[in-house]
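Single-structure report; data block below.
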Amino acid sequence: MASKRNDRKWTSADELVRQLERDPEYQTRIAEIERRRLALVERNLQDAQPLLAQLAGRGFEVHTPADLFNKRMNYRSAIPTLIEWLPRISNPDLKADVARALSVKWAKPAAIPVLLQEFERAEDDLLRWAIANALDVVADDSAFDQIARWAADPQYGDARQMLVLALGHSNDPAAFDLLVSLLSDPAVAGHAVVALGNLRDPCALSAIEPFLKAERSWIRAEARRATKKLSRVSERS
């Protein structure tokens, strides 16, 4: 049996690629995937034209709304336009781009109401995550009740991760107890560790300590970072 296993001919990665390149069925699938991707890009560009035209009128020549953020432009004067357009857009990819463009501190507090509204309306998981990411940047305690409710509700999926991080910027006294309770939720426990570190309340040290031995390396790293941060606060108090 051992000799048969040793005689087996293994296919290298390069050879596998060459085989796939000669496989017409595989090439047909790849071509169809690319066709759909290009069609989606074209649809998104068409849907974005009215907004892009309005942005251009304000002096911002971009190919997508996300370019405002990705190219690190100073687009403070475009924030009202983005806020106006966010609820008007039905294309979820385009709406997510606008949400990313609103993920800047100078969009606060004006963007908070529309982001909360659009998060509640969103059905697309990626869109919901993009809006939650924006809320992590711009939300203040006026949004605490809604963010806290959504962060604790598993139906909101991965977007909860960003909402939990947003709680770490809160001055609401209820944020601490909620974050400690979320440490028992595997879906957001690591993000709760980060948020508790950002709250800078040394009372969280004992709750965070078990995560120094967490299975996931990134959670262990965040637990170490939070522990150091809170220990320094404790030493100064």
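The values are calculated or read from the model by the stated rules, or taken from the named source; none is laboratory data. Please read these numbers as outputs of a predicted model, since none were measured by experiment. So basically every Cβ, Gly included, is an ideal-geometry build from the backbone, and we count neighbours across all protein chains shown.
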Report task. State whether the residues of segment 43-59 include one that is in the same structural domain as L126 (by TED's automatic domain parsing), modelled with pLDDT of 90 or more and not in a helix (DSSP H, G or I). Result -> yes
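Are any of the residues in segment 109-117 in contact with a Phe, Trp or Tyr (Cβ under 7 Å, 6 or more places away or on another chain), closer than 20 Å to I89 by Cα and at pLDDT 95 or above?
No - not one qualifying residue is present in segment 109-117.
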Requested in this report: Among the numbered conditions (1) assigned to a helix (DSSP H, G or I); (2) within 22 Å of N198 (Cα to Cα), tell me where E120 comes up short.
Outcome: (2)
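Is at least one residue of segment 73-80 under 23 Å from V164 (Cα atoms), crowded, with 18+ Cβ neighbours inside 10 Å and not assigned by TED's automatic domain parsing to the domain that holds A159?
We begin by selecting, within segment 73-80, every residue under 23 Å from V164 (Cα atoms); these are none.
No: segment 73-80 contains no residue that is under 23 Å from V164 (Cα atoms), crowded, with 18+ Cβ neighbours inside 10 Å and not assigned by TED's automatic domain parsing to the domain that holds A159.
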Requested in this report: Could you list all residues from segment 183-212 that are without any contact (Cβ under 8 Å) to a residue 12 or more places away in the chain and in contact with a Ser or Thr (Cβ under 9 Å, 6 or more places away or on another chain)?
Outcome: none
Query - Failed condition for V164, given (1) among the β-branched types (V, I, T); (2) assigned by TED's automatic domain parsing to the domain that holds I208; (3) under 30 Å from A56 (Cα atoms) - result: (3)
Report summary line: The condition from (1) closer than 14 Å to D47 by Cα; (2) at pLDDT 95 or above; (3) within 18 Å of the chain's Cα centre (by Cα) that A101 misses is numbered (1)
Query - Test: A166 is without any contact (Cβ under 8 Å) to a residue 60 or more places away in the chain and in contact with a helix residue (DSSP H, G or I) (Cβ under 6 Å, 6 or more places away or on another chain) - result: yes
Query - Residue within segment 202-215 that is touching a helix residue (DSSP H, G or I) at 6+ places or on another chain (Cβ under 7 Å), within 29 Å of A99 (Cβ to Cβ) and at pLDDT 95 or above present - result: no
Requested in this report: Could you check, for segment 172-192, whether at least one of its residues is surrounded by fewer than 20 Cβ atoms within 10 Å (Cβ to Cβ), closer than 21 Å to A143 by Cβ and hydroxyl-bearing (S, T, Y)?
Outcome: yes
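For the structure I just gave you, tell me whether R220 is out of contact with any strand residue (DSSP E or B) (no Cβ under 9 Å at 6 or more places or on another chain), assigned to a helix (DSSP H, G or I), buried (at least 16 other Cβ atoms within 10 Å of the Cβ) and among the basic types (K, R). Even if it seems obvious, please write down each step before you answer.
Numbers: out of contact with any strand residue (DSSP E or B) (no Cβ under 9 Å at 6 or more places or on another chain): yes; assigned to a helix (DSSP H, G or I): yes; buried (at least 16 other Cβ atoms within 10 Å of the Cβ): yes; among the basic types (K, R): yes.
Criteria met by R220.
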Query raised in the report: V180: more than 26 Å from E123 (Cβ to Cβ), of a type in the set (V, I, T), in the same structural domain as S234 (by TED's automatic domain parsing) and out of contact with any Ser or Thr (no Cβ under 9 Å at 6 or more places or on another chain), yes or no?
Result: yes
Requested in this report: Go through segment 118-150 residue by residue and tally those that are surrounded by 14 or more Cβ atoms within 10 Å (Cβ to Cβ) and of a type in the set (S, T, N, Q).
Outcome: 2
**Report entry** Pick from segment 37-87, criterion within 22 Å of A110 (Cα to Cα) and acidic (D, E), ranking: farthest from the chain's Cα centre (by Cα)
**Finding:** E84
